[in-house]
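The values are calculated or read from the model by the stated rules, or taken from the named source; none is laboratory data. Computed from a prediction, not measured in an experiment: that's the story for all the values here. Positions of Cβ are generated from backbone atoms using ideal geometry, with glycine treated the same way; all protein chains shown enter the neighbour counts.
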Amino acid sequence: MLARYDMIDADRLRKHLRLFLSAVLPTAENAGVRLAIHPDDPPFRVLGLPRIVSTEADLRAVTEMVESPANGLCYCTGSLSVRADNDLAGIVRRLGARIHAVHLRSVQREADGVFYEANHLEGSVDMPAVVRALLEEQACRQRRGRRDWRVALRPDHGHMMLDDFHRPAPTCPGYPIIGRLRGLAELRGLQVGISSALN
């Protein structure tokens, strides 16, 4: 299976993405749909396959491939935080206008490059800084009169806890009901607290 991609390097993959975006963005724009490309997960080569949505420079390049308000980003803190060189709050400040969806989760990075899922407010992600940057972006959109001023977000992933262990095995590992509700409650509390401090 991997041999089928021997001729695909990062440049060719970018070319294919540009062709795809050129073909679909006019229809998306006419329909009022906003596309949101998800970062590579994980944001480094796996099995020799190229990755082209792993860094801030990659995200910026995607938004510049085809100029359209429908061409945007899914800002996933879990995926992007695997790389220590990604400035998560800075990405929001610099590319926030192009963020169409947000996945908030955290990972713990170790010195040897190993990483694993962490609780939403723990791990290597400075979640308060990220949420603050997102709230500031949302306020900026509202001041500019953007109809899409609300930044759609979800708590991404979650640890199994309490009754999650007694439910049938989830069809999508990492998405337990109670663990995700805990993450949502923590993130909502963080959002309300930061919002109060900003006002």
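Does P39 count as buried (at least 18 other Cβ atoms within 10 Å of the Cβ) and touching a helix residue (DSSP H, G or I) at 6+ places or on another chain (Cβ under 6 Å)? Can you show your working first?
Numbers: buried (at least 18 other Cβ atoms within 10 Å of the Cβ): yes; touching a helix residue (DSSP H, G or I) at 6+ places or on another chain (Cβ under 6 Å): yes.
It is true that P39 is buried (at least 18 other Cβ atoms within 10 Å of the Cβ) and touching a helix residue (DSSP H, G or I) at 6+ places or on another chain (Cβ under 6 Å).
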Legend entry - Hits in the range 55-80 (condition: free of Cβ contacts under 8 Å to residues at least 40 places away in the same chain, in contact with a Leu (Cβ under 6 Å, 6 or more places away or on another chain) and in a helix (DSSP H, G or I)): L59
Legend entry - Test for L121: is it modelled with pLDDT of 95 or more and closer than 24 Å to L80 by Cα: no
Legend entry - Exclusive hit being within 28 Å of L35 (Cα to Cα), surrounded by 13 or more Cβ atoms within 10 Å (Cβ to Cβ) and among the aliphatic types (A, V, I, L, M), set I177, I194: I177
Legend entry - Failed condition for L21, given (1) within 25 Å of R94 (Cα to Cα); (2) at pLDDT below 95: (2)
Legend entry - Residues of the range 89-136 satisfying the condition of being of a type in the set (S, T, Y) and surrounded by fewer than 20 Cβ atoms within 10 Å (Cβ to Cβ): Y116, S124
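Limited to the range 116-145, what total is found for residues that are in contact with a strand residue (DSSP E or B) (Cβ under 8 Å, 6 or more places away or on another chain) and farther than 21 Å from R182 by Cβ?
Initial filter on the range 116-145 (in contact with a strand residue (DSSP E or B) (Cβ under 8 Å, 6 or more places away or on another chain)): 116-125, 127, 130-131, 134, 137.
The next check asks that each one be farther than 21 Å from R182 by Cβ; those that pass are 137.
Looking only at that region, the number is 1.
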Legend entry - Subset of the range 81-131 (residues that are assigned to a loop (DSSP other than H, G, I, E, B), of a type in the set (G, A, S), farther than 18 Å from T55 by Cα and touching a residue at least 40 places away in the same chain (Cβ under 8 Å)): G123
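Looking at the structure I just gave you, is L25 part of a helix (DSSP H, G or I) and either surrounded by 18 or more Cβ atoms within 10 Å (Cβ to Cβ) or out of contact with any Ser or Thr (no Cβ under 8 Å at 6 or more places or on another chain) (or both)? Step through it out loud before you land on a result.
Numbers: part of a helix (DSSP H, G or I): yes; either surrounded by 18 or more Cβ atoms within 10 Å (Cβ to Cβ) or out of contact with any Ser or Thr (no Cβ under 8 Å at 6 or more places or on another chain) (or both): yes.
Yes; evaluated as a whole, the condition is true for this residue.
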Inset, instruction - Could you pull out the residue among A57, A61, A101 that is closer than 20 Å to L25 by Cα, at pLDDT 95 or above and more than 14 Å from the chain's Cα centre (by Cα)? - result: A61
